[in-house]
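Below is one structure, written out as structure tokens; the observations come after it.
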Amino acid sequence: MEKRSFAEGEWLYEIGPKNNVFSLNFKEVWRYRDLLFLFVKRDIVTVYKQTILGPLWYFIQPLFTAITFTIIFNNVAGIQTGKVPSFLFNLAGIVVWNYFTACLNETSDTFKKNASIFGKVYFPRVILPMSIVITNLVKLGIQLLIFIAFYLYYLTQGMEAAAGWTIIFYPLLVVVMGLLGLGLGMIISSMVTKYRDLTFLVSFGVQLLMYVSAVMYPMALVKEKLSQLGWLIEYNPLAYVVETSRYLLLGEGSVSAWGLTYTVVVSVVVFFLGLIVFNRTEKSFIDTV
Amino acid sequence: MKDIILKVENISKQYRLGTVGTGTLSHDLNRWWHTIRGKEDPYLKVGETNDRSSKGNSEYVWALQDINFEVERGEVLGIIGKNGAGKSTLLKILSKVTAPTTGTIKSRGRIASLLEVGTGFNPELTGRENIYLNGAILGMTKQEITSKLDEIIAFSGCERYIDTPTKRYSSGMTVRLAFAVAAFLEPEILVVDEVLAVGDAEFQKKAIGKMQDISRSEGRTVLFVSHNMAAVKSLCTKGIVLEHGKVVFEGDSNAAVDFYLTSDSNKTNTDLLSRTDRRGSGELKFSSVSLLDDKGDSVFEIVSGESARLRFTFERIKEITTENLVFGVVFRDINEVKVADFYSDEMGITFDKVLQNGYVDLEIPKLLLRGGVYSLDIVVQNGKIAANQIDLLHDVFEFNVFPGDYWKSGKINRATNVAIIDARFRE
């Protein structure tokens, strides 16, 4: 064991009543990085234990959602998706949207779900929501695989290849989506510790949010048909991420420089706000949860 | 120069009683309103000392108030106090599980706690995977765990099952594995809270031995919280006594234990006579209760199945004859459920000299209670009819029973906080 020597008045750390707003202890998080990956491993390994289909569930959920959307929104309601097959169009939206909702839903439960661990041991609390976001990346990766499979299938059916070199920006979009989900999730999880009302809001709010996030329709369509409600989408950063991701994958839709800048700024602000709120709550949430 | 490794300065902790509801929101808003105007939190002033038996007016209580102490490197500090004195709160603050309301703790070493072993164990993961996960939760890096993996597995005695999911383990195996992980932590400061109360006798021995190793040979600093006065005396070099969230004694561990035991019995003495929640006509009043072990020493804990004597001292307030005196004792478990009761008239006992002596003893050849915390109600009445009470007091004494081995099978009985009845299964 290393021996540290300290001068008078010098301390390894101090425990006080409140964290400073910006005392985000990245060094400490780094020290616990092994824990982060062990949590990720735990979540991936244990989720589908004792299920028959196992990781196949990762495929089934987006597949059936995309089929349903195609039937209802494209075949029945007649939404046009340009040159791209509607099914592929929906799948592209759902995959990235799923990543956001998974991050948000799971992180917003952090304090409540882990109260028994948090009540006994200290480790940087932020490790848990971070592990959730990383775990979901794996899920996203698997879901992208089925997207690619269908993409290749449609290519053989004569669809024009549209994804170009810009595809390299796709991971950046995923990061933005992750930041948004994590940031919002951390804010909600901090508030849920005291007021449980928010749990209900989140569960149906996320569903409603999907309808204004351009998941099953192109952004332009709403601006054109529902001009008085267009601002709902105009100011929804999620809509830009979904729309842009579809553009990168399928070449369908639009890219707006203003929209993207706005989205990135909002995501970063939400993320840091989330960190700050989370950081303030983690010190004493165990008394109120 | 003294090598101070841990310095606790003015630590206080306030808790809000009751449930969280609309009132909480209004308090939060009020607090926020005071903060943005730069004023002091209005609810910090109203807290009362934490005494759960007396009813306070305020919704806020201080679980800890102005705690100050220093720990030198290599010292083993025993923290003693009654249930609810604030020991666990203090440990929670030290291990960073919750933050103090005021004050600071300065440390020159990493603190790890054995508050609860096995935190974060996932039943679906194998023993080996759980060692890694649990170790990392406790603050070890993967590399550290890998280097000690063989030792941990050997210490736990679970080699054969190490690649089996822990949900297939017996509860004993899970505890052993969990303790093994915790035992190989290498923090500069180790916090231990009543780990000795879990597991079987063999395991407790192992745990105490490991703690002695840690403190004596490795020179590590240990903070030790226990109700076991013998363990505190033998393990600790220094002790502090907490009472109602305040430090009432600080010094040598033997002196601290003595202070705790005597102050406690003094307190019950004065407490019982001064208590106002008594019923009865009041010719006699109970003044103190003590539990005596087989050597006649006053104790607060006893092993199940051992002999004991409960002594109830009383004072004669008015003239009374001894002819019809009936004494009664009710044992209650921690949830105030009756587990046993005794009345002197059923035993055909008359009290001839009891008024001269000023006390009455309840002799228990074998204390047949399972492990747990028990409290007593006592009554003295005139004849069999409960309505003719002379003095009746609830919750006069609390004592701890450690699980024993009633059936002499070599297996420690479950600590389920109920009475044991003489019974035996037959094929």
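For the stretch B:275-402, the Kirkwood estimate of hydrodynamic radius, built from reciprocal distances between every pair of different alpha carbons, is 15.0 Å. Footprinting exposure proxy ranking of A:235, A:247, fewest other C-beta atoms within 10 angstrom first, gives A:235, A:247. Computed over the protein assembly as shown, the per-residue total of -39500 (n - 2.57) for DSSP H runs of n ≥ 4 gives a 222 nm mean residue ellipticity of -13000 deg cm²/dmol, rounded to 500. With Cα atoms as the point set, the radius of gyration and Dmax of the stretch B:68-258 evaluate to 16.9, 50 Å.
Across all Cα atoms of the stretch A:205-284, the radius of gyration (one decimal) and Dmax (whole number) stand at 15.0, 49 Å. Helix A:170-192 and the long axis of chain A differ in direction by around 50°, with both axes built from C-alpha atoms.
Within 10 Å of the Cβ of each residue in B:90-98, the mean number of Cβ atoms contributed by other protein chains is 4. Between residue A:53 and residue A:229, the FRET efficiency from the beta-carbon distance, with R0 = 30 Å, is close to 0.15. Inter-chain neighbour count for B:154-167: the average number of beta-carbon atoms from partner chains within 10 Å of each residue's beta-carbon is 0. Counts of other chain beta carbons within 10 angstrom of each beta carbon in peptide A:119-126 average 6.
Axis of helix A:56-69 versus longest Cα principal axis of chain A: the two differ by about 50°, to the nearest ten degrees. Peptides B:386-394, A:196-204, ordered by how many other C-beta atoms sit within 10 Å of their residues on average, highest first, read B:386-394, A:196-204. DSSP assigns beta bridges within the protein assembly as shown; of those with both partners inside it, close to 75 percent run antiparallel.
Computed with the Debye formula from one identical point scatterer per Cα of chain A, without solvent, the log10 of I(q)/I(0) at q = 0.09, 0.10, 0.15 Å⁻¹ comes to -0.50, -0.61, -1.20. For the stretch A:14-109, dividing the convex hull volume of the Cα atoms by the residue count gives 197 Å³ per residue. Taking amide H as placed 1.01 Å from N in the peptide plane, residue B:81 has its amide H under 5 Å from the amide H of B:242, each at least 5 places away in sequence or on another chain.
Protection proxy ranking of B:146-152, B:377-383, A:66-72, by the mean of other Cβ atoms within 10 Å over each peptide's residues and highest first, is B:377-383, A:66-72, B:146-152. Axis of helix A:237-250 versus longest Cα principal axis of chain A: the two differ by about 50°, to the nearest ten degrees. Mean projected area of the Cα convex hull of the stretch A:149-289, taken over all directions, amounts to 10.7 nm². Put in order of Cβ neighbour count within 10 Å, fewest first, the listed residues B:240, B:385, B:137 become B:385, B:137, B:240. Semi-axis lengths, largest first, of the ellipsoid equivalent to the protein assembly as shown are 60, 28, 27 Å, with √(5λ) applied to each eigenvalue of the Cα gyration tensor. Computed about its Cα centre, the charge dipole of chain A is approximately 540 debye, with only Lys, Arg, Asp and Glu carrying charge at their Cβ.
By the count of neighbouring beta-carbon atoms within 10 Å, fewest first, B:307, B:12 end up ordered B:307, B:12. Note on chain A: with a GNM built from Cα contacts shorter than 10 Å, the maximum mean-square fluctuation among A:153, A:13, A:211 falls on A:13. Computed from backbone phi with θ = phi - 60° and the Karplus coefficients 6.51, -1.76 and 1.60, the 3J(HN,Hα) list for the stretch A:127-139 is 4, 5, x, 5, 5, 5, 4, 6, 4, 5, 4, 4, 4 Hz; x is used for glycine and proline.
The numbers here are math on the coordinates, done by the rules we state, and not lab data. All values reported here derive from a predicted model rather than from experimental measurement. Using ideal geometry, Cβ is built from the backbone for each residue, glycine included, and neighbour counts are taken over all protein chains shown.
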